[in-house]
1. Restricting to the chain, compute how many DSSP beta bridges are antiparallel as a %, nearest 5.
2. Which shape class, rounded, prolate or oblate, goes with region 127-265 when its Cα gyration tensor gives a ≥ b ≥ c as root eigenvalues, a/c under 1.5 marks rounded, and past that a/b bigger than b/c marks prolate?
3. Mind ranking 149-159, 26-36, 75-85, 58-68 by how tightly packed they are, going by the mean number of other C-beta atoms within 10 angstrom, highest first?
4. Is the shape of region 14-99 rounded, prolate or oblate, going by the alpha carbon gyration tensor and its root eigenvalues a ≥ b ≥ c, with a/c under 1.5 for rounded and a/b larger than b/c for prolate?
5. What base-10 log of the normalised intensity I(q)/I(0) is obtained for the chain from the Debye formula, alpha carbons as equal point scatterers, at q = 0.08, 0.12, 0.17 Å⁻¹?
6. Please find the FRET efficiency linking E254 to S84, where r is the Cβ-Cβ separation and R0 is fixed at 25 Å, and quote it to the nearest 0.05.
7. Multiplying the sequence separation of E130 and S245 by 0.36 nm and subtracting their Cα-Cα distance, what value in nm do you get?
8. Given Cα pairs under 8 Å that are at least 6 residues apart, what percent is the relative contact order of region 121-265?
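Only the coordinates and a few stated rules stand behind these numbers; no lab work does. On a predicted model such as this, the values are computed, not experimentally measured, just so you know. Here the Cβ positions follow ideal geometry from the backbone for every residue, glycine too, while neighbour counts run over all protein chains shown.
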Amino acid sequence: MKKRAGEKEKEAGGFVAAVILAAGKGSRMGGDVPKQFAEAGGRTVLSYTLEKFEKHPGVEAIIVVCARGNAGRVREICAKHGISKLRAVVFGGETRRDSSFAGVRKAAEIAGGEDGIVLIHDSARPMVTEKIISENIKMAADSGACVTAARAIDTTVTSRDGKVIDGVIPRETVWSVQTPQSFRLSLIVKAHAEYERRAAEGEALEQVTDDGGLIRMLGLPVAICPSDNDNFKLTVPGDIDRLRSALAVKFDRERPEENGGQHNA
Ligand code: CTP
Ligand code: MG
């Protein structure tokens, strides 16, 4: 029998969970509610993000990490949009890493004794695609750790004083790191625990800014899953309009019959 898309990835990695990080305050974005709960096209940002993982056949379980006080709101959004894979809503922490560890720990608990793959994704990145999710699952199963990243588009330079350029970095070597970031479950749990051990001993760990950084801290390689800037993260106020435009283009492409059949290229 022909395999459905996603089944191959699932077989390769065993249990596959998605941890959706939604415990941030969205201070750069501002607004009445944190950006993951902001609306675009009549729906919350979080609902678009969740739907991508719900629809992907390779993902088995979804765990949402949110701030205390928002669990009800998250469960409502899941119910409204038919997120049947939701297995847990857990509370995040002060930093993104705290939130990520809370989600990953819950994923390991749900997996029971089994190892598997975990995809860690920013709720504020609703334009993630099925292809990116598929490639993350496959790369994490093959190599243990991967981060989604986009090549730098502009010329990249350095400036220590913020006034004058003091160096140029060859553009081909520069990537902007995004999410999903995906790992063998046992490896990322170990990396978070090791980070906490080192932090408690007073080690300087400023270089570790994301989940991929935790793996590099262990001296292990992290593969790149190539992406582009369509998988942008809502960060500043103008990004909500950017999302609205991206959703409108997508709607035109997917339902040309409702739009005069003009944009089905
Ligand atoms: N996040 C989280 N827990 C935190 C901080 C961030 O779960 N303590 C999540 C956010 O909800 C977001 C993702 O991590 O989906 C990426 O972080 P970022 O874009 O920095 O979001 P915020 O921290 O919410 O925004 P800001 O830094 O502007 O306050
Ligand atoms: Mg932040």
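1. On the way: 15 of 38 bridges.
The antiparallel fraction comes to roughly 40 percent.
2. On the way: a/c = 2.37, a/b = 1.47, b/c = 1.61.
It is oblate, given that a/c is not under 1.5 and a/b is not larger than b/c.
3. Details: 149-159: 13.0, 26-36: 16.4, 75-85: 14.8, 58-68: 22.4.
Descending packing order for the listed peptides: 58-68, 26-36, 75-85, 149-159.
4. Details: a/c = 1.88, a/b = 1.30, b/c = 1.45.
Oblate shape, in that a/c is at least 1.5 and b/c is the bigger or equal ratio.
5. -0.34, -0.76, -1.45
6. Values: r = 22 Å, r/R0 = 0.87.
Computed FRET efficiency for E254 and S84 comes out at 0.70.
7. Numbers: separation 115, 0.36 × 115 = 41.40 nm, distance 1.96 nm.
Full-extension gain reported as 39.4 nm.
8. Working: 181 pairs, mean separation 43.2, N = 145.
Averaging sequence separation for qualifying contacts and normalising by length gives 30 percent for region 121-265.
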